[in-house]
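The values are calculated or read from the model by the stated rules, or taken from the named source; none is laboratory data. Note that the structure is a prediction, hence the values are computed from the model and not measured. Cβ sites come from the backbone with ideal geometry, for glycine too, and all protein chains shown count toward neighbours.
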Amino acid sequence: MRNNAHNTDDEVLIRAEHVSKKFCRSLKRSLWYGAQDVANSLMPWKRSLERIGIGEKLGEPELRPEEFWAVRDVSFEVRRGECLGLIGHNGAGKSTLLKILNSLIRPDSGRITMKGRVGALIELSAGFNPILTGRENIYNQAALLGFSKKETDANFDAIVDFAQLEPFLDMPVQNYSSGMRVKLGFAVSTQLEPDILLIDEVLAVGDIGFRQKSLNKMAELLDKCAVIFVTHSMPQILRVCNEVMVLENGKSLFKGADIGAGVERFIAHFDSVGQTVTGSGEVEVVGLTIWTVDGCAGLGETVNVRYGDEVTISIEVRAREHLRAAKLHFVVWNSELLPVLDVMGPDLTGFQFEFGHDGRSKLTARIGELFLGAGKYSVSAVINSIDNKRVLCRFDSAVNLLVRADSFSGAHALHCPEWSIESVSKEGQLTIEENA
Amino acid sequence: MSGGVQDNNRTLPVRVITPHAGLEAFTDAIRSLVRDFPQSRALAWRMLLRDTRAMYRQSLLGYVWLFLPPLATVLVWVLLNSSSLVNIEVGTVPYPLFVITGTVLWTAFNASVMAMQEIMGSARSMLSKVNFPHEALIMTAFGKALLNSVIPALLLVPALIVYGIPPGLPALLFPLGFLTLLLLGCALGLLFVPIGALYGDVGRAIQMGLRFGFFVTPVIYAMPESALTRTLLLWNPVSAPLVSSRSWLIGGESVFVWETVLVGLISIFLLAIATLVFKVVMPHLIERLNA
């Protein structure tokens, strides 16, 4: 994706070989294992004994009771100018891997070789003291990252300028908003001129303007460094990374330069939220089918959709009580459980319908072309009373959609309208071109 | 581990991260202690400034709080002794001056143990998020111990003047004795930091030990004449430097020079060991801190 022609070809700055790390579920045991590990690490003769076959092997760790692999047998290489994106669900091992790379903790087996100065945009305000002013905290944070006072003095104006916090410099940091703290932390941290850059979703905060600014700053750093980038933002992965690794339960599920395939792998791995039925129970959903160009899916199933495919949902409901009419709408949720599309009736409330004399009714909604961006979506069917005051039945995750769209956009809906271009030709004539 | 790789006339430091055990862990620790010294010293200074500024900016009385606890201790014991509720004989030296000196010296030991004990608590979030030379925390704690014990020691100046006791030539040894207590406190405090980081029991035990230690150290009473009690008390490593330093300053007691020197040397040795241990086990601790 990115141009790295100017870089030396074989400069591998990060090489991870079969890295594994185990964690413990129970705190009590974890502390006890910690004490054991501490004791083991303090016995310099341990390794020599092990070599001649005495004592437990340190090289091939085994899981003790209640332990699990937080990272398991992960290997990769990153060269200068390359960016490896790490994606995975919470608890997949991304942060643990970053901590190992940042030498905060040690792996239980495997080996990592890092060449060059390591910069980490992970926790930007870890050294901040809330009582002290922004000015004082700049110096503290810089010292924590290994800058001398002289270096910080030299960069001070640039930092303040970048963070746009000049009026608040002498205010205690505890009065800063969380966004301001991140700005300050980011401004200090990016003074670094690292060879290796570890980034963990730090750009999620801050206003739009600052986010743009920090993305640009990062892009600047990206070309000079070997980067490992952890994020949940697929568009950022698509934009920045030239290789992606999908982690699941500590293992590498996918690793390759086909970012789109990696992202798809990641999205497909989202656990579908279990079906839940709530509401007064006066109405029940008997059946539901969703059709696309390629196929169809019933209750609880997942259907693949391409961007722009036509989609139709049909549902069969039955009134348990003596009910004449009700209102129905479908809500489409994205994987972050945000509603992105509401399929409604003409008055933008539920679509009103009447039950047949057997209490049943079958409804079909031709949604038409689906303009959703790539991702996994779930559909809820919601049946309300006519006055919309009571929920008669709400069926969540009735069916799932897996949408594929080859785009770098992170927007929920993608739309290509009819474009036209106005331009003045050489002869001074106005021409209007319209696309098909 | 550090080696080098040549790149555009620039040598990149190479870091190898492995499970790390055995002798290698110690040699690595020593190497990075030396290599990172300039950075850790600068960082320690910043952190000391940061913590003291923050603490006193949040307080009205500020440094007065450093004088108050030893003053309170002195007041209690002087009152108890003068009202004959307890009967403490300290020879020719005025009792208040005796207690002030003893308390100031005890504070040096006590403050050092406490400063080391507080290392993990205050740096917890930093430790698990930022990679920095951890020995800077020890230096900062040492600085705090120094600050928290030297400032109360200033009480001695007016006290000596009020009681009209001009310090003699041996008083020049007083700072050395003071420093010995400081180092002893730091060494003992730091030794228990790793295990204390895992188990809160350690911190409680140490606090209890310090309270108990106050009474089994000749702080508010003089070294007894009885040979048996004396030997028992001398097994307490704080006794010899404390009694000797007090005697160097205000006289009136026996001096235990060799014992003090021995305690001093052992403290330095232990402090070095404890620093190394701290450095080696830190990744294990960080892992458990936020597990």
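Do you know which of the residues in the stretch A:231-258 that are over 22 Å from A:F68 (Cβ atoms) and more than 13 Å from the chain's Cα centre (by Cα) is modelled with the highest pLDDT?
A:E243
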**Item:** For A:K115: the one exception among (1) more than 7 Å from chain B (Cβ to nearest Cβ); (2) touching a residue at least 12 places away in the same chain (Cβ under 8 Å)
**Value:** (1)
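Residue by residue through the stretch B:9-53, note down the ones that are hydroxyl-bearing (S, T, Y), touching a residue at least 12 places away in the same chain (Cβ under 8 Å) and either surrounded by fewer than 19 Cβ atoms within 10 Å (Cβ to Cβ) or at the interface with another protein chain (Cβ under 7 Å from one of its Cβ atoms) (or both).
Filtering the stretch B:9-53 for residues hydroxyl-bearing (S, T, Y) gives B:11, B:18, B:27, B:32, B:40, B:52.
Restricting the remaining residues to those that are touching a residue at least 12 places away in the same chain (Cβ under 8 Å) gives B:32, B:40, B:52.
Across the stretch B:9-53, the qualifying residues are B:S32, B:T52.
I need a count of the residues in the stretch B:254-291 that are among the aromatic types (F, W, Y) and closer than 19 Å to B:E118 by Cα.
Taking the stretch B:254-291 as the starting set, the residues that turn out to be among the aromatic types (F, W, Y) are B:256, B:258, B:269, B:278.
Narrowing further to those that are closer than 19 Å to B:E118 by Cα: B:278.
Residues in the stretch B:254-291 being among the aromatic types (F, W, Y) and closer than 19 Å to B:E118 by Cα: 1 in total.
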**Asked** Does the stretch A:292-309 hold any residues that are aliphatic (A, V, I, L, M) and part of a strand (DSSP E or B), and which are they?
**Response** A:A297, A:V303, A:V305
**Message:** Tell me the residue from B:T217, B:T275, B:T229 that is at pLDDT below 90 and either within 20 Å of the chain's Cα centre (by Cα) or surrounded by fewer than 16 Cβ atoms within 10 Å (Cβ to Cβ) (or both), please.
**Reply:** B:T229
**Item:** Spans of strands (runs of 3 or more DSSP E) in the stretch A:323-433 with at least 2 residues of a type outside the set (A, V, I, L, M, F, W, C) and either under 26 Å from the mean Cα position of the chain (by Cα) or buried (at least 18 other Cβ atoms within 10 Å of the Cβ) (or both)
**Value:** A:325-333, A:339-343, A:375-384, A:391-404
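So which of A:A158, A:A70 is at pLDDT 85 or above and under 22 Å from the mean Cα position of the chain (by Cα)?
Numbers: A:A158 fails: under 22 Å from the mean Cα position of the chain (by Cα).
Unique residue meeting the criteria: A:A70.
Would you confirm whether or not the stretch A:155-176 contains a residue that is closer than 21 Å to A:I199 by Cα and either within 13 Å of chain B (Cβ to nearest Cβ) or in contact (Cβ under 8 Å) with a residue 60 or more places away in the chain (or both)?
Of the stretch A:155-176, the ones closer than 21 Å to A:I199 by Cα are A:159, A:162-163.
Narrowing further to those that are either within 13 Å of chain B (Cβ to nearest Cβ) or in contact (Cβ under 8 Å) with a residue 60 or more places away in the chain (or both): none.
No, every residue in the stretch A:155-176 fails to be closer than 21 Å to A:I199 by Cα and either within 13 Å of chain B (Cβ to nearest Cβ) or in contact (Cβ under 8 Å) with a residue 60 or more places away in the chain (or both).
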**Asked** Which pairs have Cβ atoms under 7 Å, sit 6 or more apart or on different chains, and link a residue in the stretch A:20-32 that is under 20 Å from B:G196 (Cα atoms) and within 9 Å of chain B (Cβ to nearest Cβ) to one that is part of a helix (DSSP H, G or I) and among the hydroxyl-bearing types (S, T, Y)?
**Response** A:C24/A:S30; A:C24/A:Y33
**Complete:** Within the stretch A:118-134, the residues that are at the interface with another protein chain (Cβ under 7 Å from one of its Cβ atoms), within 25 Å of the chain's Cα centre (by Cα) and not hydrophobic (A, V, I, L, M, F, W, C) are A:E123
**Item:** Test: B:I151 is in contact with a helix residue (DSSP H, G or I) (Cβ under 8 Å, 6 or more places away or on another chain), more than 30 Å from A:L198 (Cβ to Cβ), at pLDDT 90 or above and among the β-branched types (V, I, T)
**Value:** yes
**Prompt:** Between a first residue in the stretch A:94-112 that is at the interface with chain B (Cβ under 7 Å from one of its Cβ atoms) and a second residue that is acidic (D, E) and assigned to a helix (DSSP H, G or I), which pairs have beta carbons less than 8 Å apart while being 6 or more apart in sequence or on different chains?
**Reply:** A:I105/B:E287; A:R106/B:E287
**Asked** Which residues, taken from the stretch B:44-88, are more than 21 Å from A:G134 (Cβ to Cβ) and of a type in the set (S, T, Y)?
**Response** B:S59, B:Y63, B:T73, B:S82, B:S83, B:S84
**Message:** If I filter the stretch A:136-145 for residues that are more than 14 Å from chain B (Cβ to nearest Cβ), aromatic (F, W, Y) and either more than 24 Å from A:G209 (Cα to Cα) or touching a residue at least 12 places away in the same chain (Cβ under 8 Å) (or both), do I get at least one hit?
**Reply:** no
